[in-house]
Amino acid sequence: MTERPQLSAVAGLKRATALPGPPPRKPRPSRAPDEAVTPSPVAAVTDSAPAPPAKGARQRSAPRRLNDAPANSLVPVTLSLPVPVVQRLKRYAKDRDLAYANIIMDAIVAHRDELGTLVSHLRPDVASDGIFVRTTPRKSAERTTLSFRTRRANVVALDELWESDEIAAENRSQLCHAALDAYLPKLRDSQAVPDF
């Protein structure tokens, strides 16, 4: 076994006979039992961070875009209109490559000031003989349905219009019938659109 070489003392240094103890701890201020504890900024950030989703749990979808909001969502609309009016509408839409909803809105805007009068021509005749009130429906062509989609806000505006005291239509279809009949050009027999 080899002997370890003896280390020579370094000049100016003395071997410590005892090591000093740790410095004294600073006393913590005592707080009342009902005093709230303010979390540290690090704890606050950690606590506010969202927890990761549990396995198999559904994640929240991204917020809806503005054009997906309820007022701007597309909704189906169905009108009951006379066949000749629908034929004229289809021909007009095809010739100008326009959507039915846009043509109906254009017709209502173009005749906005006279809609009350136009609708009154479609209402049943009401007459009184002094005792009884008699209602005679106006003669009308065979009817068909027309379906399209438009923004919910447009449907709300349309319903407010036909229900107004100024126009007083019986329903949405009657208002659209009156506006379209005044707005659309008349068709010759050769231009009729037979497909229904």
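The values are calculated or read from the model by the stated rules, or taken from the named source; none is laboratory data. The structure presented is a predicted model; accordingly, all values stated were derived computationally and were not measured. We place every Cβ from the backbone using ideal geometry, glycine too, and count neighbours over all the protein chains shown. Surface areas here come from the heavy atoms of the whole protein model, side chains and all, with no ligands, DNA or RNA. Shrake-Rupley method; radii C 1.70, N 1.55, O 1.52, S 1.80 Å.
Computed on protein heavy atoms with a 1.4 Å probe, the accessible areas place 158, 115, 74 in the order 74, 158, 115, largest first.
Normalising by residue count, the stretch 113-160 has a Cα convex hull of 142 Å³ per residue. Distances between placed amide hydrogens fall under 5 Å for residue 144 paired with 81, 83, all partners being 5 or more residues away or on another chain.
May I ask you to list the trypsin sites (Lys or Arg not before Pro) in the stretch 85-174 that are in a DSSP loop and have at most 11 other Cβ atoms within 10 Å of their Cβ? Hits after loop and neighbour filter: 138, 139.
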